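Scroll down for the structure; my scribbles are underneath it.
The values are calculated or read from the model by the stated rules, or taken from the named source; none is laboratory data. Since we're looking at a predicted model, the values are computed, not measured. Because the Cβ atoms are built from the backbone with ideal geometry, glycine has one as well, and the counts that use them run over all protein chains shown. Please note that ligands, DNA and RNA were not included when accessible areas were found on the heavy atoms of the full protein model with its side chains. Shrake-Rupley method; radii C 1.70, N 1.55, O 1.52, S 1.80 Å.
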Amino acid sequence: MADAKVIPFDEDRPRGGSTRAGGARGGAPRSGRRGAAPPSPVTPLPGQAGQAGHESPVPASSAPADGSAASPPPESADVSEPADVSERADGWERRIAGGLAFLRRRITGEYEVDEFGFDEELTDQVLMSLLRPLYEKYFRVEVRGVENIPAEGGALVVANHSGTLPLDGLMMQVAVHDHHPAGRHLRLLAADLVFMLPVVSELARKAGHTLACAEDAERLLRRGEVVGVMPEGFKGVGKPFSERYKLQRFGRGGFVSTALRAGVPIVPCSIVGAEEIYPMVGNSRTLARLLGLPYFPITPTFPWLGPLGAVPLPTKWTIQFGEPIPTDGYAPEAAEDPMLMFNLTDQVREQIQHTLYKLLVRRRSVFF
């Protein structure tokens, strides 16, 4: 194979005006020209080095022996790397500064809660951060149709309830907070038992939960909040594994009456995956009465394995928000019409149940 011709990258520049190192002004031969003899070493006279108009000659050893073009100087280190390191350092400094400022506000009491006890800053920075690994890594929740929740104004999200422990409500709260385009907060309506527990009660209030009563729900909806309710209650969360994904009775339709009074849309929500985290194969009613609980679950791992039995199975979840059902077109007295409430309640329930069946048919596996 013939040798490739090496063309110096500055061959097209004028020969007379170059001031590159290794050549004097006025067109002296450059070591990079093909066929030119290597320059001999030049020793500057004492006191001559560094004077204006004199350049330090390049030693003869720096020129290639074969007369080819001089190699360009080695590329300098990537200048973006120090910038990246600096950006990362600045990011950590901002996080540390933000954390310290957060602690200072907590200690001094310079933070705000609303009339229901909702602490938005604590929810965003702490509670959501604690739930997010469970949401993203453990249950790997897939969210669909979250844009059906209005970007502003009140809305009532109605979902199925399951799982022995009410983790489905918490995962739904993370789904709305992290995936809604407006980053809205879901204010869950919780049962009385939640607010009777010492630590859970305080955390629930801070996270925006409130008592499941029509008065509180209507006040939140009129303020433009997104409210979440699970009408099945304990009947849904404590049903046996053999009845999984079969909706229980939706009460007397009180949530429909609340939505009609506030004039907000009802958004049906279907959750698949929560039924299998604690397969409830039995219920000890005697222990439930002694402990003051609505049920005492017996699963393949609890209470046989003790605390380890309380670890949920890592099932794959899907949360789908359906098309909203508007209520603002009804007259104010419609909230007192029992037939209308029955029809709307049945419509919401059937839409959730039908979506559950569709999601179950599409599901490849409980865990994947």
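Going by what's in this entry, would Thr327 be described as touching a helix residue (DSSP H, G or I) at 6+ places or on another chain (Cβ under 6 Å), assigned to a loop (DSSP other than H, G, I, E, B) and farther than 22 Å from Arg244 by Cβ? Give the steps one after another, and end with the answer.
Numbers: touching a helix residue (DSSP H, G or I) at 6+ places or on another chain (Cβ under 6 Å): yes; assigned to a loop (DSSP other than H, G, I, E, B): yes; farther than 22 Å from Arg244 by Cβ: yes.
Against the criterion (touching a helix residue (DSSP H, G or I) at 6+ places or on another chain (Cβ under 6 Å), assigned to a loop (DSSP other than H, G, I, E, B) and farther than 22 Å from Arg244 by Cβ), Thr327 qualifies.
Anything in segment 249-288 that is under 18 Å from Met341 (Cβ atoms) and touching a Lys or Arg at 6+ places or on another chain (Cβ under 6 Å)? List them, or say none. Step through it out loud before you land on a result.
Kept after step one, since they are under 18 Å from Met341 (Cβ atoms), are these residues of segment 249-288: 249-268.
Phe250, Ala262, listed by residue number.
Restricting attention to segment 163-185, report how many residues are among the small types (Gly, Ala, Ser), at negative phi and either over 17 Å from the mean Cα position of the chain (by Cα) or assigned to a helix (DSSP H, G or I) (or both). If you could, list the steps in order and put the result at the bottom.
To start, the set of residues in segment 163-185 that are among the small types (Gly, Ala, Ser) comprises 163, 169, 175, 182-183.
With at negative phi added as a condition, the list becomes 169, 175, 182.
Applying the additional criterion that residues be either over 17 Å from the mean Cα position of the chain (by Cα) or assigned to a helix (DSSP H, G or I) (or both) yields 169, 175.
So the answer is 2.
Say whether the condition of being farther than 18 Å from Leu247 by Cβ, buried (at least 20 other Cβ atoms within 10 Å of the Cβ) and either in contact (Cβ under 8 Å) with a residue 40 or more places away in the chain or under 31 Å from the mean Cα position of the chain (by Cα) (or both) is met by at least one residue in segment 304-314. Spell out the reasoning first.
Residues of segment 304-314 farther than 18 Å from Leu247 by Cβ: 304-314.
This time we only want the ones that are buried (at least 20 other Cβ atoms within 10 Å of the Cβ), so: none.
Among the residues of segment 304-314, not one is farther than 18 Å from Leu247 by Cβ, buried (at least 20 other Cβ atoms within 10 Å of the Cβ) and either in contact (Cβ under 8 Å) with a residue 40 or more places away in the chain or under 31 Å from the mean Cα position of the chain (by Cα) (or both), which makes the answer no.
So which pairs qualify, if the first residue must be in segment 139-150 and part of a loop (DSSP other than H, G, I, E, B), the second must be open to solvent by 70 Å² or more (accessible area, probe 1.4 Å) and at pLDDT 95 or above, the Cβ gap must be under 9 Å, and the two must be at least 6 apart or on different chains?
Once the first residue is part of a loop (DSSP other than H, G, I, E, B) and sits in segment 139-150, its partners that are open to solvent by 70 Å² or more (accessible area, probe 1.4 Å) and at pLDDT 95 or above give Gly145/Glu323.
Suppose we filter Gly145, Gly169 for residues that are among the small types (Gly, Ala, Ser) and touching a Leu at 6+ places or on another chain (Cβ under 7 Å); which single one remains?
On the way: Gly145 fails: touching a Leu at 6+ places or on another chain (Cβ under 7 Å).
So the residue among Gly145, Gly169 that is among the small types (Gly, Ala, Ser) and touching a Leu at 6+ places or on another chain (Cβ under 7 Å) is Gly169.
Which one of these is closer than 21 Å to Glu243 by Cα and either polar (S, T, N, Q) or touching a strand residue (DSSP E or B) at 6+ places or on another chain (Cβ under 8 Å) (or both): Ile319, Ile277? Please lay out each step first, then the result.
Details: Ile277 fails: either polar (S, T, N, Q) or touching a strand residue (DSSP E or B) at 6+ places or on another chain (Cβ under 8 Å) (or both).
Only one candidate passes the filter, namely Ile319.
Since Leu188 meets every condition but one in (1) surrounded by 22 or more Cβ atoms within 10 Å (Cβ to Cβ); (2) under 18 Å from the mean Cα position of the chain (by Cα); (3) outside any helix (DSSP H, G or I); (4) not acidic (Asp, Glu), which condition does it not meet?
So the condition that Leu188 fails would be (2).
Any chance you could count how many residues in segment 196-210 are surrounded by fewer than 16 Cβ atoms within 10 Å (Cβ to Cβ), more than 15 Å from Thr123 (Cβ to Cβ) and not β-branched (Val, Ile, Thr)?
3
For His180, which of the numbered conditions (1) in contact (Cβ under 8 Å) with a residue 60 or more places away in the chain; (2) buried (at least 19 other Cβ atoms within 10 Å of the Cβ) fails to hold?
(1)
Pick from segment 96-150 the residues that are at pLDDT below 95, among the basic types (Lys, Arg) and open to solvent by less than 70 Å² (accessible area, probe 1.4 Å): which of them is farthest from Val200 (Cα to Cα)?
Here the answer is Arg105.
Within segment 327-334, can one find any residue that is in contact with a strand residue (DSSP E or B) (Cβ under 7 Å, 6 or more places away or on another chain), surrounded by fewer than 17 Cβ atoms within 10 Å (Cβ to Cβ) and without any contact (Cβ under 8 Å) to a residue 60 or more places away in the chain?
As a first pass, look at segment 327-334 and keep what is in contact with a strand residue (DSSP E or B) (Cβ under 7 Å, 6 or more places away or on another chain): 327.
With surrounded by fewer than 17 Cβ atoms within 10 Å (Cβ to Cβ) added as a condition, the list becomes none.
Among the residues of segment 327-334, not one is in contact with a strand residue (DSSP E or B) (Cβ under 7 Å, 6 or more places away or on another chain), surrounded by fewer than 17 Cβ atoms within 10 Å (Cβ to Cβ) and without any contact (Cβ under 8 Å) to a residue 60 or more places away in the chain, which makes the answer no.
Given segment 218-291, what helices (runs of 4 or more DSSP H) lie entirely inside it while holding 3 or more residues that are of a type outside the set (Val, Ile, Thr) and surrounded by 22 or more Cβ atoms within 10 Å (Cβ to Cβ)? Before you say what the answer is, go through the steps one by one.
On the way: elements: 234-237, 254-262, 285-291.
The helices (runs of 4 or more DSSP H) meeting that bar are 254-262.
Which numbered condition in (1) in contact with a Leu (Cβ under 9 Å, 6 or more places away or on another chain); (2) under 23 Å from His354 (Cβ atoms) is the only one that Pro240 fails?
Going through (1) in contact with a Leu (Cβ under 9 Å, 6 or more places away or on another chain); (2) under 23 Å from His354 (Cβ atoms) one by one, Pro240 breaks only (1).
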